[in-house]
1. Determine the share of the stretch 1-64's accessible area contributed by carbon and sulfur atoms, expressed in whole percent, with a 1.4 angstrom probe.
2. Using only the heavy atoms of the protein chains and a 1.4 Å probe, how would Ile49, Ile20, Ile167 rank by accessible area, largest first?
3. Can you give me the distance in nm between label points at Asp68 and Glu214, each placed 7 Å from the Cα along the Cα-to-Cβ direction?
4. When you count, for each residue, the other Cβ atoms within 10 Å and take the mean per peptide, how do 13-19, 39-45, 56-62 rank with the highest first?
5. Which order do Arg23, Arg175, Arg200 take by accessible area at a 1.4 Å probe, largest first?
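The values are calculated or read from the model by the stated rules, or taken from the named source; none is laboratory data. Since this is a predicted model, take the numbers as computed values, not measurements. Methodologically, a virtual Cβ is constructed for each residue, glycine included, from the backbone with ideal geometry; neighbour enumeration extends over all protein chains shown. What goes into the accessible areas is simple: the full protein's heavy atoms, side chains included, and nothing from ligands, DNA or RNA. Shrake-Rupley method; radii C 1.70, N 1.55, O 1.52, S 1.80 Å.
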Amino acid sequence: MSSKPIAIVTGGSRNIGWAIAQRFAATHRVVIGDLHPPDAPMPESMMWIGCDVRDYAACEELMAAAADMGPIAALVHSAAITRPAVPICELEPSEWAAVIDVNLTGAFHVARAAVPALRRACGSAVLIASRAARVGYAALEPSPDGTKPHYCASKAGVISLVRSLAIELAPDGVRVNCVAPGSIEGDMIPRERWPQIAARVPLGRMGLPAEVAEACWFLCSPAASYVTGHVLDVNGGTWMN
């Protein structure tokens, strides 16, 4: 059996999550928790376990299965969904609930289920938020089509959850941080919009999933041993704190 530490990546089968899983696979044994396995072949240092983050029992089962392999050194929670933009007055309560259920309640389920194992291993966690959590609209500027308030609110809640976790778990030596991506290439943004978006980013391009993955890996690494409760923005300069 490999002596590499264990890293769990939720939502790790596609897009940013898959890039995170690949990055951690270089230094960890990676357990992907997602609804479906990756389309791409997985290396020997990676495995998939079916997990719906809306189901707390499923999250507990994911953590137990990973812990059976060894100490959980890192957790990256990337599982999330979005929905088309509509004005707030046209947003159905069911759509609001669906996004909050996955993006915010799912983040709580994953974190809550992981806490005992992270405490035992003095591990680190990163939860993925979004630039949208910072500004209140899921685009480079407000649009008459709507702000995606359910997505923005869910990701803002993730940032607050990270800070609560960081405070509560610091005495146990567990660090909890957040990465807030901006416009990143992938399925969540239609490809035909990429050139228009890139032209408005100060760095002149959209971000790559691998760049978000590097930020997550850094925050879980010994190089960030004195960093906790922090939100690392990876957005090419479209929002600066």
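1. Taking all protein chains in place, the stretch 1-64 shows 55 percent carbon and sulfur surface.
2. Final ranking, largest accessible area leading: Ile167, Ile49, Ile20.
3. My value for the distance between the label points is 3.7 nm.
4. Packing order, densest peptide first, comes out as 13-19, 56-62, 39-45.
5. The residues order as Arg200, Arg23, Arg175, largest area first.
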